[in-house]
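Please read the structure below before turning to the comments.
The values are calculated or read from the model by the stated rules, or taken from the named source; none is laboratory data. Just so it is clear, the structure is predicted and the values come from calculations on it, not from any experiment. Cβ placement follows ideal geometry from the backbone for every residue including glycine, while neighbour counts extend to all protein chains displayed.
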Ligand SMILES: Nc1ncnc2c1ncn2[C@@H]1O[C@H](COP(=O)(O)OP(=O)(O)OP(=O)(O)O)[C@@H](O)[C@H]1O
Ligand SMILES: [Mg+2]
């Protein structure tokens, strides 16, 4: 797995990062009156950014696929996601995850994906000043929240997959996804996943909260 992660890191990820830098340099040099060319260039830059994000995500998945410690892995997945979006947003980012040590790996990877998409959305669409990611364990559930104080939204852009995928992922884990938003009111994405019966005892494995 690590060999594949290195291959992607040194191959496509590096090439895409270089392509992105060249596209941004070109954008700075293009005369403002060339509006059509600028528009195409911006679209190409956006696609290249998306491709780079997904190769980085694949590297993260390959890195963590052999990890035994599922809970450490949720914190580190989310930390990786924060690191990914940091260059693309001016918002202050915060992460608060209690490093529980006994979550089933399906919950860890599923919640990590939901958190990542909510975070990417907040960074891409919200124009927020703050984006906060928080994980809490309640008596019977594990709850992930991604909250921003940005523009909020009504409905969703046709063609976007992120919101639908988050719903699918949470449903697959038997949980509920709630999105509280409104124009100008920021957005709160809250995924609540029920814990298996044997893990229901509250606080038993809680340790110091990790922040980033
Ligand atoms: N945190 C947010 N703040 C403001 N608008 C948001 C936020 N999250 C989602 N949206 C709006 O909802 C739309 C749909 O989001 P969704 O994640 O489904 O698609 P996308 O991000 O546009 O594309 P994709 O996720 O497929 O790359 C976004 O285009 C955006 O208009
Ligand atoms: Mg999205």
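The table below lists the values:
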| read-out | value |
| --- | --- |
| Condition met for residue 174 (in a loop (DSSP other than H, G, I, E, B), more than 13 Å from ligand 1 (Cβ to nearest atom) and at positive phi) | yes |
| Residue within segment 80-90 that is within 12 Å of ligand 1 (Cβ to nearest atom) and out of contact with any strand residue (DSSP E or B) (no Cβ under 6 Å at 6 or more places or on another chain) present | yes |
| Matching residues in segment 89-113 - criterion: being part of a loop (DSSP other than H, G, I, E, B) and over 24 Å from residue 165 (Cβ atoms) | 90, 98, 99, 100, 101, 102 |
| Counted residues, segment 88-115 - those being within 16 Å of ligand 2 (Cβ to nearest atom) and closer than 20 Å to residue 194 by Cα | 4 |
| Any chance residue 141 is assigned by TED's automatic domain parsing to the domain that holds residue 187, touching a helix residue (DSSP H, G or I) at 6+ places or on another chain (Cβ under 9 Å) and closer than 25 Å to residue 100 by Cβ | no |
| Qualifying residues in segment 117-136 (those that are assigned to a loop (DSSP other than H, G, I, E, B) and within 12 Å of ligand 1 (Cβ to nearest atom)) - the one modelled with the highest pLDDT | 128 |
